[in-house]
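Let me begin by presenting the structure, written as structure tokens, before commenting on it.
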Ligand code: PRP
């Protein structure tokens, strides 16, 4: 069996980004991050669960010390829609006072989750807070969140894979794609 294949690939309508394209782009982002934070400490904050793959690969592309911490937040909303009303399910273990914080996300959709999160993190007295996201949907954005590092801008379609789920499935796909209509209709 093809080692790169998992069953869920068959349910993709279209592959948007292959494993190789994702790896290459994360490498470029890592180089930029490395240059920007030279001589400074760096704390990567991952937002569970979608950011797990991005965090793992981005962090390993950085040729320097970094710390990693995680938050779990729940966005109240119906189904796939964010509401911007957020509850912390698991907070950071790290004190952010005077730290350089880089939030690592898989996707900015409406921007509601991150705009809340950034305000929350800024209130903790960090030296800086920036955002690195692999994907961004400019057409869906309701709140401008000013992500400093963006992998790819994508159309307003339902995407899965590489951490992104539909009904908790497809997170383990190596690529990112749009889901075939028969899966959710
Ligand atoms: C996704 C993603 C972001 C958020 C973006 O998480 O990881 O945190 O949605 O959406 P927004 O820009 O519209 O606020 P989700 O709530 O699906 O949880 P998950 O990471 O556990 O899949």
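The values are calculated or read from the model by the stated rules, or taken from the named source; none is laboratory data. For clarity, every value in this text was computed on a predicted model and none was experimentally measured. Quick reminder, even Gly has a Cβ in these numbers, built from the backbone with ideal geometry, and neighbours come from all protein chains shown.
Within the range 34-56, residues that are free of Cβ contacts under 8 Å to residues at least 12 places away in the same chain and within 17 Å of residue 88 (Cβ to Cβ) reach no partner that is within 11 Å of the ligand (Cβ to nearest atom) and assigned to a strand (DSSP E or B) with beta carbons closer than 6 Å at six or more positions or on different chains.
Note on the range 141-158: residues that are modelled with pLDDT of 95 or more and within 11 Å of the ligand (Cβ to nearest atom) total 1.
For the range 106-117, check the following and say yes or no: at least one residue is more than 11 Å from the ligand (Cβ to nearest atom) and at pLDDT 95 or above.
Pass one, the range 106-117, residues more than 11 Å from the ligand (Cβ to nearest atom): none.
For the range 106-117, residues more than 11 Å from the ligand (Cβ to nearest atom) and at pLDDT 95 or above: absent.
Among the residues making up the range 73-85, a single one is more than 8 Å from the ligand (Cβ to nearest atom) and at pLDDT 75 or above: 85.
Among the residues of the range 162-185, which ones are more than 12 Å from the ligand (Cβ to nearest atom) and not in a loop (DSSP other than H, G, I, E, B)? Quick ask: steps written out before the conclusion?
First, the residues of the range 162-185 that are more than 12 Å from the ligand (Cβ to nearest atom): 172-185.
176, 177, 178, 179, 181, 182, 183, 184, listed by residue number.
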